[in-house]
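One structure is given below, encoded as structure tokens.
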Amino acid sequence: MDEGRGVSARAVVAAAALLSLVVLVVQWASRRHEPVEAALVALIQPPPPTVRLWLSTADRRLQLARQPDIPLDTTPPTPDDLTVDLGRRYQTLTGFGAAMTDSSAWLIENKLNATQRESFLEEMFGPPPGLNLNMARLSIGASDFSRQHYTLDDMPAGQTDPQLEHFNVAANLPDVIPVMQQVLSINPDLLIIATPWSAPAWMKSSANLIGGALLGQYESTYADYLVRYVDTYRRYGIPIFALTVQNEPGFVPQTYPGMEMPVDTRTRIIGQYLGPALARRRPQTVVLGWDHNWDEPQQPLTELADETAAPYIAGVAWHCYRGDPSAQTPVHRAYPRKDAYITECSGGDWESAKNGELMWFARDLLLGGLRNWARGVVYWNLALDQDYGPHAGGCDNCKGMVVIDSRTGAITRNDEYYAFAHYSRFALPGAARVWSTANGKGIANVAFQNADDGSVVLVVVNSGTKAHAIAVHQGSVHFRYEMPAQSVATFVWQPGHDDDADNGAADTDTQ
């Protein structure tokens, strides 16, 4: 076929179609006695801009339900508006995720058939309309959500292995490794944070996976153990984005693997052994400090003040079980070049959650964490079964982001799924958090601008028991909406030109 003739023919057809459309518009205008010029302008004008909206309610009546688009309002802005200022920018988003615990991986590999497994992982880690998770957390050896207790270099009682000749990932080959390989085939940009719960028993004062502390003579060996994990997983096609040296180093569990690791031990391991070893590897795996609760910010501050360890610490890992996310801000102010990640937070079937957990996770964890400089938020178990397992020790009523029924393979999406979806599906990796009016009157909010298309994403939480009318103002964009009681809303729009004067408002959460 002559390509030139083909293009020419298509152009003629397109021109003829356009001419026919113009003729129809002229005829329509003539019959209605309308000005032809106005009709032609209406033909070529784009539709008026609107705001897209997704809504969830705590009573589960609506769960990430698409609502009718909101038309823009011509009412002049007022000082009471919820204002978004794209000119005042904060951290960029790395993303959102959940832990692929041994329990989660076992359920996915063994209780879903191949079709169910592909569909589920695509939903969780695929692009919108999937949940768009792009982070995951793995345990190095067993955690409290494993079916048995183990590490990657277990030895018979009384024997040691300082050269790590018996290091192996055999325990992960049936489920964690193949499931993670499948996840990476869906999302090759997945970022994985890996964390040990315990060193091998022969490295510990207790000579047991439960309790005790790392013996000083094995600090360099322990660092080698972690590096061996990174190298081995990379050979399986699973790159590790970040390591922490110990999960919850101030807590010594009594029913599952764990160990105490004081701050001086952590900084010595990072500064003298682990940091230099990882720095020589490409692509580089970074180290995150702390990996425990918000209530002890002095712990990461001490780590980051250590001259030997600090150059190797890329940021701080936080957990949600004590304190609140405002603790992240003073650490950020002291060390603004160090990132913040929330690496663990679990929902559960406990008294405070009897009315559901949508509001707490949407407001306290996600919104609060992001307004206090978190670049990423990672939930605990991606999936658990109907009995909050399987696991050996630890929490008996923790919830997964979803429930996989071990009898049928049926999947139930918990409140935490929808809380994360309000963020992960819309505020994409690389988005910048931008300034928005400080929270108050039962209404909390956080705003972002996506890097790819410039769209603005505003998440608003009404934690009150009554509906609340809001007016939102960003540049030339102005709209109104009545938030239902106990609801979470995500608004998305294309930015209006910024013709605002700086209102000078202070936002104590986002300085």
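Every read-out reported here was derived from the displayed coordinates using simple, explicitly stated rules and does not represent laboratory data. Everything numeric in this text was worked out from a predicted model, so none of it was measured. Note that we place each Cβ from the backbone using ideal geometry, even for glycine, and neighbour counts take in every protein chain shown.
Remark: the R60-S326 segment gains 92.9 nm on full extension, using 0.36 nm per residue and subtracting the alpha carbon distance.
Just to be sure I understand: if I project the alpha-carbon convex hull of segment 401-444 onto a plane and average over all orientations, what area do I get in nm²? Intermediate values should be presented prior to the final figure.
Details: hull surface 18.9 nm².
Result: a mean projected hull area of 4.7 nm².
Please give the direction-averaged projected area of the C-alpha convex hull for segment 293-418, in square nanometres with one decimal.
Details: hull surface 35.4 nm².
Its average projected convex-hull area is 8.8 nm².
At a threshold of 8 angstrom on Cα-Cα distance, excluding pairs fewer than six apart, so keeping six or more, what relative contact order does segment 110-219 reach in percent?
Relative contact order here is 30 percent.
Specify the angular offset, from 0 to 90 degrees and rounded to the nearest 10, of the alpha carbon long axis of helix 114-125 from the longest principal axis of the alpha carbons in the chain. Computed tilt is about 70 degrees. Residues whose amide H lies under 5 Å from that of H478, counting only those 5 or more places away or on a different chain, are D73; hydrogens are built 1.01 Å from N in the peptide plane.
Please report how many Lys pairs in the chain have alpha carbons closer than 24 angstrom, counting only residues at least 8 apart along the chain or sitting on separate chains.
Working: K111/K399; K354/K399; K354/K466; K441/K466.
For the chain, qualifying lysine pairs total 4.
Applying both filters, DSSP loop and at most 15 other Cβ atoms within 10 Å, to the GluC sites (Glu not before Pro) of segment 122-207 gives E165.
Rounding to the nearest 10 and keeping the result within 0 to 90°, find how far the Cα-based axis of helix 176-186 lies from the longest principal axis of the chain. For helix 176-186, the angle is close to 20 degrees. Maximal additional length on extending the E118-R88 stretch stands at 6.7 nm, based on 0.36 nm per residue less the C-alpha distance. Computed from label points 7 Å out along Cα-Cβ, the spacing between A279 and D69 is 5.3 nm.
Using a Förster distance of 35 Å, how high is the FRET efficiency between N397 and D161, based on the Cβ-Cβ distance and rounded to 0.05? Could the numbers behind the result be given before it?
Details: r = 37 Å, r/R0 = 1.06.
Efficiency, rounded to the nearest 0.05: 0.40.
Suppose the chain between A207 and Q494 were pulled fully straight at 0.36 nm per residue; how much longer would it get relative to their current alpha carbon spacing? Could the numbers behind the result be given before it?
Details: separation 287, 0.36 × 287 = 103.32 nm, distance 5.95 nm.
Residue separation times 0.36 nm, minus the Cα-Cα distance, leaves 97.4 nm.
With N the number of residues in the chain, Rg(Cα) / (2.2 N^0.38 Å) evaluates to 1.13. Relative contact order for the chain: 19 percent, from Cα pairs under 8 Å spaced at least 6 residues apart, divided by residue count. Along the positive direction of the dipole of the chain (beta-carbon charges: Lys, Arg +1; Asp, Glu -1; about the Cα centre), which of W106, A277, N293 reaches farthest? Positive-most Cα among the choices belongs to W106. Scanning the chain for trypsin sites (Lys or Arg not before Pro) in DSSP loops with at most 10 neighbouring Cβ atoms within 10 Å leaves 33-279 as the longest stretch between them. With each label modelled as a point 7 angstrom along the Cα→C-beta vector, the L173-A410 pair spans 3.7 nm. For chymotrypsin sites (Phe, Trp or Tyr not before Pro), the sites in segment 202-297 that DSSP calls loop and that have at most 16 other Cβ atoms within 10 Å are Y236, F251.
Suppose R0 equals 60 Å; then what is the FRET efficiency for D453 and Q217 from their Cβ-Cβ distance, rounded to the nearest 0.05? Before the final figure, lay out each step's value.
Details: r = 55 Å, r/R0 = 0.92.
Efficiency for this residue pair is about 0.60.
If you wrap the tightest convex hull around every Cα atom of segment 74-200 and split its volume per residue, you get 201 Å³. Spacing of the modelled spin labels on D189 and Q254, each 7 Å from Cα toward Cβ, amounts to 4.7 nm.
Does segment 352-419 come out rounded, prolate or oblate, given a ≥ b ≥ c as the square roots of the eigenvalues of its C-alpha gyration tensor, rounded meaning a/c under 1.5 and, failing that, prolate meaning a/b above b/c? The shape class here is prolate.
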